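**Student:** I'd like to ask you about the structure that follows.
The values are calculated or read from the model by the stated rules, or taken from the named source; none is laboratory data. Since the model is a prediction, treat every value here as computed from it, not as a measurement. Areas reflect the complete protein model, heavy atoms only, side chains present, ligands, DNA and RNA absent. Shrake-Rupley method; radii C 1.70, N 1.55, O 1.52, S 1.80 Å.
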Amino acid sequence: GRDVTARPGLVLAGVFFCLYGALALTVNLPKATYGFKSDEATYYMLGLSLARDGDITYRQKDLARVWEEFPSGPQGVFLKRGQKLDGSPDLDQSRYFYGKSFIYPLFAAPLIVLFGSNGFLVLNAIALALVLLCAYLFLHARSGPLPSAVLASAFVMVSVVPVYFAQMMPEVFNFSLACLGYFCWLYKEVAAPARSPRGTAWLFTPRSDVIAAVLLGIVTFSKPTNAPLFAAPFLWWLFRLKRGAAHASTPAAESSHAAVGRSGFSRKSLRQLVIPTLAFAVVAGGLFAINMAITGDWNYQGGGDRKS
């Protein structure tokens, strides 16, 4: 019966951001990381290309720029030749495009402008601080503030997540988008509007499902294998729709003035399924369409021309 207080969660997220944000701004990336790991070189060069050139095109200056900061140079950069939409070769055969999703470097680009390559880590710190706050709010809906803060901290810190914080790759970004998307979808299922903190009223409206769908659409473009994450909320909305239709078919419900179509589905419940689904399709599909408009191919990772 106690009201939920957001203050411990805000303090938790603030302390985390101050510590990891300070680390993100002060660490010497080339010295601390001993060069690039895994796919870091591709995302690093893509981020700098977006921040400094405003494109996702690979040219000689992108390669030369790496040595300004990393003496070892890039390793394992994935590139693709462009093409026209009809599949014919690109008229400019001197250019390549990066063979990775541009969405993580795009979010990092404003921070790269401000803080250089450390902007990648600043974005990671912001993303994880938001996860901590949302995890705390979700847990505090059913638990006390102290155990909620402890469990929220363990969810992020007592795991492999801090290892990925120090990498210029989208693992933390994808993890955070998925967590925030599920939080927007599920908070209303565990919390009560009257007890929730100020500023969370929108989480009990259909807008929260739309925002969840948008976030899951973005993480799907970042890594297509994340698409099944949308299955759980879609099936839940479908279940609620069918349950509402079954309720509407009872004599008591039929005597009410609810707007129910011939299918038995109310317009309101139908919108709560259709609009988030459209939002997911438009965001994920739109980002792939943008990639196609720029490079001539919707698939940034596939094709015979993609090479390392």
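**Student:** Give the carbon-plus-sulfur fraction of the accessible surface of the stretch 79-217 in %, rounded to a whole number; probe 1.4 Å, heavy atoms of protein chains only. Walk me through the intermediate numbers first.
**Tutor:** Values: 4080 of 5810 Å².
That share works out to 70 percent.
**Student:** A further question on this structure: Using Cα pairs closer than 8 Å and at least 6 residues apart in sequence, work out the relative contact order for the chain, in percent.
**Tutor:** Details: 404 pairs, mean separation 67.0, N = 308.
Answer for the chain is 22 percent.
**Student:** Need one number: convex hull volume per residue for the chain, Cα atoms only, in Å³. Mind showing how you got there, number by number?
**Tutor:** Details: hull volume 47.1 nm³, N = 308.
Hull volume normalised by residue count: 153 Å³.
**Student:** Using a 1.4 angstrom probe, figure out how much accessible area the chain has per residue, in square angstrom, rounded to the nearest whole.
**Tutor:** Values: 15570 Å² over 308 residues.
I get 51 Å² per residue for the chain.
**Student:** Suppose the Debye formula is applied to equal point scatterers at every Cα of the stretch 24-82; what is log10 I(q)/I(0) at q = 0.21 Å⁻¹?
**Tutor:** -0.84
**Student:** Å³ per residue of the Cα convex hull, for the stretch 1-117?
**Tutor:** Working: hull volume 19.5 nm³, N = 117.
Convex hull of Cα atoms, per residue: 167 Å³.
**Student:** In addition: Taking 1 over the mean of 1/r across every pair of different Cα atoms in the stretch 82-179, what Kirkwood radius in Å do you get? Spell out each step's value before the answer.
**Tutor:** Details: mean 1/r = 0.0632 Å⁻¹.
With all distinct Cα pairs of the stretch 82-179 included, I get 15.8 Å.
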